Each structure stands twice: as C-alpha cells, then as structure tokens.
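A.B. asks: Below is a structure I'd like to ask you about.
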Amino acid sequence: MTKTIKVLLVSPCQGVYGGMEAFVLTLAKFLATQTDCRPRLCFKKVTGFELQPQLLSMCEASQVNYTFVDKGSHALAQQIIWSHVVHGQNTSPDVIALARLFDKKLVLTIHNRFISVGLLHEVAWRLGAKLAHQRWYNSNFVWNTWETESKLAGSSRIPTVSNLPEGVLPIRERSGFTFAARWIANKGLTTLVKAYARAELNPKQWPLHLLGDGPLRPEIEQFIQQQRIPGIKIHGFVNEETKAQRIRASRWMVIPPHTQEDLGLTAIEARNVGVPCIITRDGGLPEAAGAQALICQPNDVHSLTQLLKTAATMSEDEYKHRSEATRLELEHYLKPLSFYSQAYHQLSELIKVELTSASNTK
C-alpha cells in the first residue's frame, strides 16, 4: 500500500502575491490532486508583512490547507511536527533548525543568489543549506554562488515555475516587442526605451508594449513625450490573463536587466508560447531564455539597439525556426511538477529504511 506523504511547503512572505508565492501555490494545488500526497501551505511572516487581498484570494482558490505564522513560533513548530517532508523556500534558519530538531526530511528550493553581509551570516546560511537533505537551485547561476568550489551530494538545478501561459499564435498574428516587469532602475527599461528610439523601426509593424508600473513611470513617460517616440504603448499593471495574451501576440519578449537576475520567469513564460527573447547577459537569465535568444551586455543602449534591428529584419524562416526551437528546448529545461511528488516519496523511502533499522537495533 502506497503511503500518503504529508508535505509542508514553507515560504517566507511579505503578504503579497509574488513569484515565490505563485510557485508554492501552484505546487500545492498539483500535490492536492495526487492521492499519495497531502500538502499544506505555511507562509512565514517576515519584516514588513502586510496581507494583501490578492494573496488571500489565491490561497482560498487553491483549496489547500494554509496558514500564516510568525518566524520561530510555536505555530511554525506545530506545522513542521505534522509533516513527513518539509519543503522550504530559501534557507530560513528557523525552518531548517525545527525540521532537523523534529527529524523531518528537509528539502530547500533556493531561489536567490548568495549575498554575504558578513562572515557570521555567510557561515550560518551556508551551514543551513548543507543541513538540507536535498537542495534545488533555481538556476546554475544561483547554484554557483552557494556552492562555489565543489557541488554537494543532493544538490541540483531545478528551475521554479508557476502557471505558464498556453497556446501558440500563428506567426502572422504576432507583432512588435513586449516588456513586462516592475518599472525600477535595474530592470533596464530606460535602456530599452532609448534603444527603441534609436532603432527607428516602423511603429505600426514593430510597436513596443510596456507592461507593469513603478517609480520610473513619470520619468519614462516624460522621456517618450519629449523625444516624441512613436510606437510605444503603455499598458500599466495587467492581470495574468491579459499579460499572457500580450505575450502570445508578440514577436519578441525583451528582458534587459542589469541586476544579476536569479532566473527570469518572464523568459520562460514567453518561450512556452513560442515567443523568443531579446535579453542581456545578466545572472541566470541566459539559462532561462535559452539558446534561441538574442543577447547583449547589460545597460548598453547601442548593443540593444542593434538587437532590436536584427530582430526586425530577421527572415521569416529564421524567426520560425527560433520560435519553434525555443519552445521545444524549454521542455528539456523544465521539470514537470510530478518531479516533486516523486522526490518526496524517495525521501519517504529513506524514512522507512531508518525506522526499520532503528527497530532492528532494539
């Protein structure tokens, strides 16, 4: 008889629906469909926590048992005691300590590159990662910042994803470029707008769609007005369905950050609907964007201008090849959600072996 594995998905949380929350909710909903898995969601409040309605509604819609707890709390300990396997997001010391204290199997998905803020911090966080039975890094870039000299047994690259847009539009129905990110300095939006202005492309055939919002919006809007740049369409924040529609209808997704991106989910979203990417060589982004991406150095207006021109003058045959290939290659890059349930059961087999060994020594 197959054992039902109780899996606790623990994630630090500021109360907003972001990438990490999207990942654990997607995984929890999948696990709930598996007869041999029983998931729970545990959101650990971090400094500045303020629960937003969108996150609460997404939790309710998941129909998975969920709770919000304080760090290092009795409530967190009770959730961990309930579980067979603890799947933590990043290397929260309290989650790691409690999981090992109560002898639970512990896996960590590490989303962010390692940043040292002092020797004590570095020793504590690297030790915490080593205490996990398995470590799943979001990208090779992130992995290499944590395990710099040699790779630990039980470590691997497992890119995280949430619900990806589906459906590939015919190429004749696609046009222009799309940018989708928060409008902050390190996302490369200023560089992109300047590059688009210099490229002087036909604004009807090659519009630039800007999705998102943020502190840079007044500056960007003023620049567009002053320079009288035609072809730029500002959409602001949009819901997931509208975002997916906009990506599908694009010829190219443009992702030009200079921030040491840990992964680059937008690139994966675009590739899943056959839209190739124009990117900068930034952190884990080249991994996420794949072999069919056009790449330049970060924060380089001239190089990005040239890539926009290259994309606009590319032959139909070459574009069709890149569009089809980037989607097919993505299938080999990503792991199906079933990977996680299989991994939890492999850890469960270790639990059985350990219990059997313990009883035999009595």
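The values are calculated or read from the model by the stated rules, or taken from the named source; none is laboratory data. Predicted model, so just to flag it, every value in this text is computed and none were measured. Cβ: placed from backbone, ideal geometry, glycine included. Neighbour counts: every protein chain shown. We work out accessible area using only protein heavy atoms, side chains counted, and drop any ligands, DNA or RNA first. Shrake-Rupley method; radii C 1.70, N 1.55, O 1.52, S 1.80 Å.
A.B. asks: Could you tell me which numbered condition Ala197 fails, if it satisfies all but one of (1) closer than 28 Å to Val301 by Cα; (2) under 18 Å from the mean Cα position of the chain (by Cα)?
C.D. replies: (2)
A.B. asks: I'm trying to understand the selection: among the residues of segment 168-195, which are surrounded by fewer than 17 Cβ atoms within 10 Å (Cβ to Cβ), assigned to a loop (DSSP other than H, G, I, E, B) and either at pLDDT below 95 or in contact with a strand residue (DSSP E or B) (Cβ under 9 Å, 6 or more places away or on another chain) (or both)?
C.D. replies: Within segment 168-195, Arg182, Ile184 meet the criteria.
A.B. asks: Identify, by number, the condition in (1) among the β-branched types (Val, Ile, Thr); (2) open to solvent by less than 30 Å² (accessible area, probe 1.4 Å); (3) out of contact with any Ser or Thr (no Cβ under 8 Å at 6 or more places or on another chain) that Thr242 doesn't meet.
C.D. replies: Evaluating Thr242 over (1) among the β-branched types (Val, Ile, Thr); (2) open to solvent by less than 30 Å² (accessible area, probe 1.4 Å); (3) out of contact with any Ser or Thr (no Cβ under 8 Å at 6 or more places or on another chain) leaves (2) as the failure.
A.B. asks: Next up: Confirm whether Ala99 is more than 21 Å from the chain's Cα centre (by Cα), without any contact (Cβ under 8 Å) to a residue 60 or more places away in the chain, crowded, with 22+ Cβ neighbours inside 10 Å and not in a strand (DSSP E or B).
C.D. replies: In short, yes.
A.B. asks: Still on this structure: Of (1) within 16 Å of the chain's Cα centre (by Cα); (2) open to solvent by 50 Å² or more (accessible area, probe 1.4 Å); (3) closer than 16 Å to Tyr340 by Cβ, Tyr17 satisfies all except one. Which?
C.D. replies: For Tyr17, the exception is condition (3).
A.B. asks: Next up: What number of residues within segment 281-301 satisfy the criterion of being without any contact (Cβ under 8 Å) to a residue 60 or more places away in the chain and open to solvent by 30 Å² or more (accessible area, probe 1.4 Å)?
C.D. replies: Qualifying residue count, segment 281-301: 5.
A.B. asks: Of Thr47, Thr35, Thr91, which residue is assigned to a loop (DSSP other than H, G, I, E, B) and crowded, with 21+ Cβ neighbours inside 10 Å?
C.D. replies: Thr91
A.B. asks: Which condition breaks for Ala249 when tested against (1) of a type in the set (A, V, I, L, M, F, W, C); (2) crowded, with 18+ Cβ neighbours inside 10 Å; (3) more than 19 Å from Leu304 (Cα to Cα)?
C.D. replies: Ala249 satisfies all of (1) of a type in the set (A, V, I, L, M, F, W, C); (2) crowded, with 18+ Cβ neighbours inside 10 Å; (3) more than 19 Å from Leu304 (Cα to Cα) except (2).
A.B. asks: Which of the residues belonging to segment 216-229 are open to solvent by 80 Å² or more (accessible area, probe 1.4 Å) and either of a type in the set (D, E, K, R) or touching a Lys or Arg at 6+ places or on another chain (Cβ under 9 Å) (or both)? Walk me through how you get there before you give the answer.
C.D. replies: To start, the set of residues in segment 216-229 that are open to solvent by 80 Å² or more (accessible area, probe 1.4 Å) comprises 218-219, 222, 225-228.
Answer for segment 216-229, where residues must be open to solvent by 80 Å² or more (accessible area, probe 1.4 Å) and either of a type in the set (D, E, K, R) or touching a Lys or Arg at 6+ places or on another chain (Cβ under 9 Å) (or both): Glu219, Gln227, Arg228.
A.B. asks: Is it true that Asn202 is open to solvent by 40 Å² or more (accessible area, probe 1.4 Å), part of a helix (DSSP H, G or I) and among the polar types (S, T, N, Q)?
C.D. replies: no
A.B. asks: Within segment 1-20, track down each residue that is part of a helix (DSSP H, G or I) and farther than 20 Å from Tyr344 by Cβ.
C.D. replies: Within segment 1-20, Gly19 is the sole residue that qualifies.
A.B. asks: Going by the conditions given, is Ala124 touching a helix residue (DSSP H, G or I) at 6+ places or on another chain (Cβ under 8 Å) and either open to solvent by less than 40 Å² (accessible area, probe 1.4 Å) or on the phi > 0 side of the Ramachandran plot (or both)? Explain how you work it out, then say what you get.
C.D. replies: Details: touching a helix residue (DSSP H, G or I) at 6+ places or on another chain (Cβ under 8 Å): yes; either open to solvent by less than 40 Å² (accessible area, probe 1.4 Å) or on the phi > 0 side of the Ramachandran plot (or both): no.
Judged against the criteria, Ala124 is not a match.
A.B. asks: Moving to a separate point now. Quick one: which residue in Glu287, Glu316 is acidic (Asp, Glu), closer than 23 Å to Ala249 by Cβ and out of contact with any Gly (no Cβ under 7 Å at 6 or more places or on another chain)?
C.D. replies: Numbers: Glu287 fails: closer than 23 Å to Ala249 by Cβ.
That would be Glu316, the only listed residue that is acidic (Asp, Glu), closer than 23 Å to Ala249 by Cβ and out of contact with any Gly (no Cβ under 7 Å at 6 or more places or on another chain).
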